[in-house]
Amino acid sequence: MNNLEKNMLDKIDVHNIESKDAYNIRLNGKGVERKVSPYIDIITKTDKSGIDIKVKDNTLLGTIDIPVIITESGLTDIVYNDFYIGKNCNITITAGCGIHNEKDKNAQHDGIHRFFIDENSKVTYLETHYGEGEGKGKRILNPTTEIYLKKGSTMKMNTTQIEGVDDTNRITIAELDDDATLIVNEKLLTNNKQNAKTTFKVDLKGVNSSTHVTSRSIATDDSYQEFRSNVTGYNKCYGHVECDAILKDNGIVKAIPEILAKNIDANLVHEASIGKIAGEQLIKLMSLGLNEKEAEEVIIKGFLK
C-alpha cells in the first residue's frame with residue numbers, strides 16, 4: 001500500500017494489523033493481502049464477491065481484521081462476508097471502511113456481513129467508518145449486519161462513524177436463541193448536508209434472551225439523521241433501546257421506535273432524548289477559559305466516547 005492507503009488504514013484501525021491472528025485487506029474492490037492461522041481460516045467466495053471467515057471450536061482470544069479502503073472515485077464496491085464462529089470461542093473482529101475521494105464521481109462501499117455464532121461463544125465486533133477528500137463526488141457507506149446467536153452466545157457490537165461520510169444506510173438485523181445476548185453501541189457524527197439512516201431489527205426468540213441497543217449521535221450544520229428500531233419479544237426476554245442525540249446549527253434528528261411484546265414475560269423498554277447542547281455545560285467549560293466553539297468541541301468529543 002502507498003502512504004495514502006496506509007494513512008486511511010490508520011484512521012479506521014488504530015491497532016497494528018500485523019499483530020492480528022488473521023486478516024484480509026480489501027483495496028478498491030480487491031483483496032490485496034491476507035493472513036490466516038491454524039484456528040482461523042479466510043476463504044474467498046466463488047459465487048460472489050466476499051469471503052468466508054471460519055473459526056474453530058474453543059478458539060480463545062482470537063483476533064481478526066478485515067479493513068476496506070477505497071481511493072478510486074466512481075467505484076461501487078459490494079462485498080458479502082460470512083463469519084462462522086464455532087462453540088466456546090472468544091473472538092474480537094475489527095471491520096473498518098475508509099473512503100478517500102478527490103474527484104467528482106461517487107465512491108461507495110456496501111458491506112453485507114452475516115454472523116453465525118455457535119453456542120456459548122463471545123464475539124466483540126468493532127466497526128469504524130470514515131471519509132475524506134476534497135472532490136465533489138460523494139462518499140457513501142451502506143453496512144448491513146445480520147446476526148444469528150445460538151444458545152448462550154454473546155455479541156458486543158461497537159460501530160462508529162467518525163466523519164466525512166455523505167450518505168449512509170446502516171441496517172442491523174438479529175435473531176437470538178435461549179440465553180443469548182446482543183449489545184450494540186452506535187456512535188454517529190454528521191455535518192454539512194450529510195444523511196444517515198440507522199435501522200435495528202432484533203427478534204428475541206429464545207427464553208432469557210436479551211439486547212441493549214444504544215445510539216449516540218450528533219447532527220450539525222444541515223445534516224439529517226433517522227433512527228429506527230424494532231425489537232420483538234417472543235418469549236421471556238429483555239430488550240432496552242436508547243437513542244440520545246445532540247442537535248447543533250440546523251441539524252435534524254428523527255427517532256422512530258417500535259417495541260412489540262408477543263409474550264406476557266417480554267420486558268421491553270425504549271428511551272429517546274434529542275436536544276441541543278445544554279447551556280450549563282457550555283458555561284462550565286467556558287468558565288475554565290475555553291471559548292464557546294472550543295467548549296462545544298469538548299462536549300461533542302465526550303458525547304461520542
- Message: Pull out all pairs, ordered by first then second residue, where Cβ-Cβ is under 6 Å, the residues are six or more apart or on different chains, the first lies in the range 144-164 and is closer than 22 Å to Ile112 by Cβ, and the second is outside any strand (DSSP E or B) and hydrophobic (A, V, I, L, M, F, W, C).
- Response: Leu149/Ala180; Ser153/Ala180
- Which one is least open to solvent (accessible area, probe 1.4 Å) among residues in the range 259-278 that are of a type in the set (Val, Ile, Thr) and more than 18 Å from Ile299 (Cα to Cα)? Val269
- Query: Can you tell me which of Thr124, Thr128, Thr144 is open to solvent by 10 Å² or more (accessible area, probe 1.4 Å), within 25 Å of Thr198 (Cβ to Cβ) and touching a helix residue (DSSP H, G or I) at 6+ places or on another chain (Cβ under 7 Å)?
  - Reply: Thr128
- Look through the range 88-117, keep the residues that are assigned to a loop (DSSP other than H, G, I, E, B) and touching a Phe, Trp or Tyr at 6+ places or on another chain (Cβ under 8 Å), and return whichever of them is farthest from Asn28 (Cα to Cα). Ala95
- Test set (1) open to solvent by less than 60 Å² (accessible area, probe 1.4 Å); (2) modelled with pLDDT of 95 or more; (3) outside any strand (DSSP E or B) - Gly135 fails condition number: (2)
- Message: Suppose the filter is open to solvent by less than 40 Å² (accessible area, probe 1.4 Å) and on the phi > 0 side of the Ramachandran plot; does Gly152 pass it?
- Response: yes
- Note on the structure: Among residues of the range 86-111 being of a type in the set (Val, Ile, Thr) and in contact (Cβ under 8 Å) with a residue 60 or more places away in the chain, the residue farthest from Lys20 (Cα to Cα) is Ile99
- Residue match in the range 68-81 (condition: touching a Phe, Trp or Tyr at 6+ places or on another chain (Cβ under 8 Å) and either hydroxyl-bearing (Ser, Thr, Tyr) or surrounded by 22 or more Cβ atoms within 10 Å (Cβ to Cβ) (or both)): no
- Note on the structure: Filtering the range 155-178 down to residues that are assigned to a strand (DSSP E or B) and open to solvent by less than 20 Å² (accessible area, probe 1.4 Å) yields Met155, Met157, Thr159, Gln161, Thr168, Arg170, Thr172, Ala174, Leu176
- Where residues in the range 1-59 are in a strand (DSSP E or B) and charged (D, E, K, R), which of them is surrounded by the most Cβ atoms within 10 Å (Cβ to Cβ)? Arg26
- Looking only at residues in the range 179-222 that are among the basic types (Lys, Arg) and not in a strand (DSSP E or B), which one is most open to solvent (accessible area, probe 1.4 Å)? Lys193
- How many residues of the range 60-87 are assigned to a strand (DSSP E or B) and closer than 29 Å to Asn106 by Cβ? The answer is 12
- Task: Take the range 230-258 and flag every residue that is open to solvent by less than 40 Å² (accessible area, probe 1.4 Å) and not small (Gly, Ala, Ser).
- Result: Asn230, Val231, Thr232, Cys237, His240, Val241, Cys243, Asp244, Ile246, Val253
- Going by the structure shown, is Arg34 modelled with pLDDT of 95 or more, closer than 20 Å to Thr160 by Cβ and under 23 Å from the mean Cα position of the chain (by Cα)? no
- Inside the range 223-282, counting only strands (runs of 3 or more DSSP E) that do not spill past its ends, which hold 3 or more residues that are among the hydrophobic types (A, V, I, L, M, F, W, C)? 237-247, 252-261, 266-276
- Message: Quick check on my filter: what residues within the range 285-305 are in a helix (DSSP H, G or I), over 27 Å from Glu186 (Cβ atoms) and at pLDDT below 75?
- Response: Met286
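The values are calculated or read from the model by the stated rules, or taken from the named source; none is laboratory data. Only a predicted model underlies this, so the values are computations on that prediction, with no experimental measurement involved. Neighbour counts are summed over all protein chains in view; Cβ atoms, including those assigned to glycine, are modelled from backbone coordinates with ideal geometry. Heads up: the accessible areas ignore ligands, DNA and RNA and are worked out on the full protein's heavy atoms, side chains in. Shrake-Rupley method; radii C 1.70, N 1.55, O 1.52, S 1.80 Å.
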